[in-house]
Each structure stands twice: as C-alpha cells, then as structure tokens.
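Single-structure report; data block below.
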Ligand SMILES: Cc1cc2nc3c(=O)[nH]c(=O)nc-3n(C[C@H](O)[C@H](O)[C@H](O)COP(=O)(O)OP(=O)(O)OC[C@H]3O[C@@H](n4cnc5c(N)ncnc54)[C@H](O)[C@@H]3O)c2cc1C
Ligand code: SF4
C-alpha cells in the first residue's frame, strides 16, 4: 500500500484524483475499514501535513472556522470553544476513549463509515458494498435506526455531527478546481443506501464553520449506551439553549443521533422549550412534545426499544441543559 503525504491542499486533491485513492486523517476508522474490507485497498493520501486543514480561527463577526484536522481531544479541551458551543465540547469529551480522541479528527469523525456489523463482515454483501439488499433489515439490527428513512438501516455514526447540527454548522469541502459549503444538515444520506455521506471520493473536508454564539448560551450532551465506555451510543442528544436577559429560554436547538441515517433536529421539542425556566421542571408543552416523539419513530422489529429510549434520553438531556437534573 503506497502512502503519499502532501503538504498542501492542491497536492492532496491531485493525489486523491488518482483512481481508488483514500484520504486518511487520524486513521482510527480508515485502518479498520481497510482491515475489514469495507473499503478496497488503494493508495492512501495522508492529510495530516496539509496546513490549511488545521487550527481554529475566530472571525470578527464571532463565528469560528475549525480545521478538519483538529483532534476530538482539542475540540473537547479548547476553553473558548467550550464556552461558546458547550454542547459540542461536551460531545467531543464524551465520545470513544482518550486514546481515540487524541488521534481522531473532526473531519474523520464526520466522514467515518457506519458501524453496521454486516457491512464490516466481508462474508456479507449489501447496498453499501455493491450488493442489492440489506441483510440487517431482515436480520440482526439491534443497533439500527428507529426512524426508517430508506433501504439502509444503519444510523450515521458521528456524535459530533449531531452537536454540529444543533449549532447550524457547515463544512467547507474542496474538490478538483472547486470548493463548496455543505450544511451539516445536508451532509448525510437518508435515502441513498449506497453511501453514508454526500462527499465524493476525490473531495476533502477542509474545515467546519460555526455561526457566532448568542449571549446566554447553555448546552448539554447526553448518550444512552449499552456499556459505559468505548461504545457508540444507542441514542444521543445535543441540546443548545439560548436564554434571554431575564434567564428564560428564548430559543432552543435539539439534535439527536443514533436514531436515523442522518442526525435529526426535533423542531416540536425546540419550540415547546421557549419560555422554559433554567433550574425548573419541564413544562407540560415540553412533556407533550417528548410524548409526541413516538410518532416520529418507525421502528424495526429489533429497535422498538429505541422509541422509549429516544424520549427518555432527550428528556434527561433537556433537564441537564436547564440545570434541573433530577436526583
Ligand atoms: C472504541 C471506539 C469508540 C468510538 N465511539 C465513538 C462515538 O461514540 N462517537 C463517534 O462519533 N465516534 C466514535 N468512534 C469513532 C471515532 O470517533 C472515529 O474513528 C474517528 O473520529 C475517525 O476520525 P479519524 O481522523 O481517525 O478518521 P480516519 O480514520 O482517518 O478517516 C475516516 C474516514 O473519513 C475519511 N476522511 C477523514 N478525514 C477526511 C477529510 N478531511 N476529508 C475527506 N475525507 C476524510 C477517510 O477517508 C475515511 O473514510 C469510536 C471509535 C472507537 C475505536
Ligand atoms: S445496507 Fe446499511 S444497514 Fe444494510 S447491511 Fe448494509 S450497511 Fe448494514
């Protein structure tokens, strides 16, 4: 396997334009995908020396551009990011293990392949590996979606994506001779079962931009897992609350992962949160919106447990964001 180490974006894009080349950032997922046959072996383009993909730049309007090579540990440990985007920093600090967080990058986290065990077993063919069926749909899909959007039933795997969705972030993507901005809300494939995200094989995620935070930001992240460490969540929620001067919630963004092919915002819960009191109980309107989450679900036989789990995880995440956690 050949590995090239370009020092600039043009070199990286040229190397990726060669057929079958694969981008590598931290390598924590790419290495596994190559070993498990999820991706065909080809030349590897190591992005870690590409200068414009690092660093954090705060702009005059208060927004921030975070380089795609920023590690998950750096995201979790940056004090200004944590103050401005608390749900993002808490998500970064909660995922995987310290070793993975120290190596894994923001771009790699967003673009990692899904964790479906059929995809990761070379004995099976499926939509994602050139086949024409989904063995998980009829087989063991315990960790699958509870909001069924299409033929593939593997939830998107990126915890950071849910948090970035709550902050209306977008990804700067470079390809041969062009750049484009992709909102996180449009980064994942809900209905195309052949791929997990919308980037082409010769495109590079260069950075992520988050709009300026509002005064009075509060945030929380919570995950429900089968075991407490080193595991992807069954359901996760990132909550962003913006409070007015008097302290009441003026606006809210609530995004969930682990439930669908794409991270999802929960607009009914968001609008019900307006006027909520930090430190207080959830209002009847919020309780009704949480109950209504069941209507959003279209569970598979093996993911019915996620209907209740979605509501209880979001509820606990909201209480945490409001500082009203129950004992
Ligand atoms: C035990 C364990 C638990 C985990 N738990 C979680 C969890 O709870 N939540 C979660 O989100 N993740 C979890 N992970 C996954 C981990 O976060 C990812 O493996 C990691 O974020 C991938 O980042 P990377 O930089 O190593 O990517 P790489 O492995 O280098 O790349 C991943 C993919 O993205 C592509 N890629 C990488 N960077 C770019 C770029 N800039 N432009 C274009 N393509 C690119 C690569 O080609 C590859 O296909 C866990 C991993 C482990 C081992
Ligand atoms: S199509 Fe999706 S859910 Fe089905 S086996 Fe493949 S990766 Fe898994």
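Modelled spin labels at residue 227 and residue 242, positioned 7 Å past Cα toward Cβ, are 4.1 nm from each other. In terms of surrounding Cβ atoms within a 10 Å radius of their Cβ, 53, 1 rank from fewest to most as 1, 53. At 10 °C and a viscosity of 1.306 mPa s, what translational diffusion coefficient does Stokes-Einstein give for the chain, taking Rh as the Kirkwood radius over Cα pairs? Give it in µm²/s as a whole number. So the translational diffusion coefficient is about 78 µm²/s.
Calculated mean residue ellipticity at 222 nm for the chain: -8000 deg cm²/dmol, from DSSP H runs with n ≥ 4 weighted as -39500 (n - 2.57), summed, divided by the residue count and rounded to 500.
Among 258, 93, 42, the residue with the largest mean-square fluctuation in a Gaussian network model of the chain, with springs joining Cα atoms closer than 10 Å, is 42.
Mean-square fluctuations from a GNM of the chain, with a 10 angstrom spring cutoff on Cα atoms, peak among 277, 208, 254 at 277. Across all directions, the average projected area of the convex hull around the alpha carbons of region 51-210 is 10.5 nm².
Sort region 173-221 into rounded, prolate or oblate with this rule: let a ≥ b ≥ c be the square roots of the eigenvalues of the Cα gyration tensor; rounded if a/c is under 1.5, and if a/c is not under 1.5, prolate when a/b is larger than b/c, oblate otherwise. Oblate. For region 174-261, the fraction of C-alpha pairs more than 21 angstrom apart is 54%. What is the log10 of I(q)/I(0) for region 217-322, computed with the Debye formula using one identical point scatterer on each Cα and no solvent, at q = 0.12, 0.15, 0.18 Å⁻¹? The Cα Debye sum returns log10 ratios of -0.38, -0.59, -0.82. Taking 294, 230, 23 as the candidate residues, the one with maximal mean-square fluctuation in a Gaussian network model of the chain, Cα springs under 10 Å, is 230.
Taking a temperature of 37 °C and a viscosity of 0.692 mPa s, what whole-number D in µm²/s does Stokes-Einstein yield for region 265-318 with Rh from Kirkwood over alpha carbon pairs? The diffusion coefficient I find is 279 µm²/s. The angle between the Cα long axis of helix 305-322 and the longest principal axis of the Cα atoms of the chain comes to about 70 degrees, rounded to the nearest 10. Centre-to-centre separation between the Cα atoms of region 227-272 and those of region 139-218: 16 Å.
When 307, 72, 237 are arranged by Cβ crowding within 10 Å, least crowded first, meaning fewest neighbours, the order is 307, 72, 237. Once the Cα atoms are used to define both axes, helix 284-296 deviates from the longest principal axis of the chain by about 40 degrees. Between residue 36 and residue 7, the simple spin-label model (points 7 angstrom out along Cα→Cβ) gives 3.6 nm. The mean sequence separation of alpha-carbon pairs under 8 Å and at least six residues apart, normalised by the residue count of the chain, gives a relative contact order of 17 percent.
Computed from the coordinates by the stated procedures, all read-outs in this text should not be read as laboratory data. Just so you know, these numbers come straight off a predicted model, no measurement behind them. Cβ atoms come from the backbone with ideal geometry, glycine included; neighbour counts cover every protein chain shown.
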